[in-house]
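Visitor: What follows is a single structure, and I will ask about it in a moment.
Here, each number is a calculation from the coordinates, and none is a lab measurement. Everything numeric in this text was worked out from a predicted model, so none of it was measured. Here the Cβ is made from the backbone with ideal geometry for all residues, glycine too, and neighbour counts use every protein chain on show.
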Amino acid sequence: MQVLNFPSYDFRFKNSENKIYIFDVVRKKFVILQPEEWVRQHVIHFLITEKKYPLSLINVEKQVKVNSLVKRYDIIVFKSDGSIQLLVECKAPEITILQSSFDQIAQYNMQLKSDYLMLTNGLHHFFCKMDFEKEKYSFLRDIPDFSR
């Protein structure tokens, strides 16, 4: 797999039926290793290792209803009160992040109400803080570390 713009992490892999799987520490199972999954697993380890978010507050690939359509988010990180701290949208490295990608995560966030957004293809990362009163987001250099 392609080297990404993240620190190096120790991943667990297995090969079964000519497919490579990577262990997801959040879902506690092996999942098929595809380019977007490679990015997702790096983000999970980045959140846990660098940003110190507890594993217990991270949720991966669940459904959310957006304008009566069922969608799937990549990663969310909860706060201890159950509200959402961070919504992450992962793209495969070969996918260029365009305005449509920001529109997608913003649309998901209309329902989820996350304080922060992260959009990444593993090579380029974008971080935003939401301002719900003004219905806009502002770009940040990074997302905050976990704090209780």
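Visitor: Can you find even one residue in the stretch 25-37 that is of a type in the set (Phe, Trp, Tyr), surrounded by fewer than 18 Cβ atoms within 10 Å (Cβ to Cβ) and in contact with a Lys or Arg (Cβ under 6 Å, 6 or more places away or on another chain)?
Guide: Yes.
Visitor: Okay, moving on. Just to check your reading of the model, which residue among LEU117, LEU112, LEU140 is in contact with a helix residue (DSSP H, G or I) (Cβ under 7 Å, 6 or more places away or on another chain) and either within 26 Å of GLU37 (Cβ to Cβ) or of a type in the set (Lys, Arg) (or both)? Before the answer, list the steps.
Guide: Numbers: LEU112 fails: in contact with a helix residue (DSSP H, G or I) (Cβ under 7 Å, 6 or more places away or on another chain); LEU140 fails: in contact with a helix residue (DSSP H, G or I) (Cβ under 7 Å, 6 or more places away or on another chain).
On inspection, the qualifying residue turns out to be LEU117.
Visitor: Scanning the stretch 78-128 for residues that are small (Gly, Ala, Ser) and touching a residue at least 60 places away in the same chain (Cβ under 8 Å), which turns out surrounded by the most Cβ atoms within 10 Å (Cβ to Cβ)? Reasoning before the result, please.
Guide: Taking the stretch 78-128 as the starting set, the residues that turn out to be small (Gly, Ala, Ser) are 80, 82-83, 92, 100-101, 106, 114, 122.
Right, trim to touching a residue at least 60 places away in the same chain (Cβ under 8 Å) and you get 80, 122.
Numbers: SER80: 11, GLY122: 25.
By that ranking, first place goes to GLY122.
Visitor: Out of everything in the stretch 1-37 that is among the polar types (S, T, N, Q) and in a loop (DSSP other than H, G, I, E, B), what residue ends up being farthest from THR49 (Cα to Cα)?
Guide: Ranking the qualifying residues of the stretch 1-37, first place goes to ASN18.
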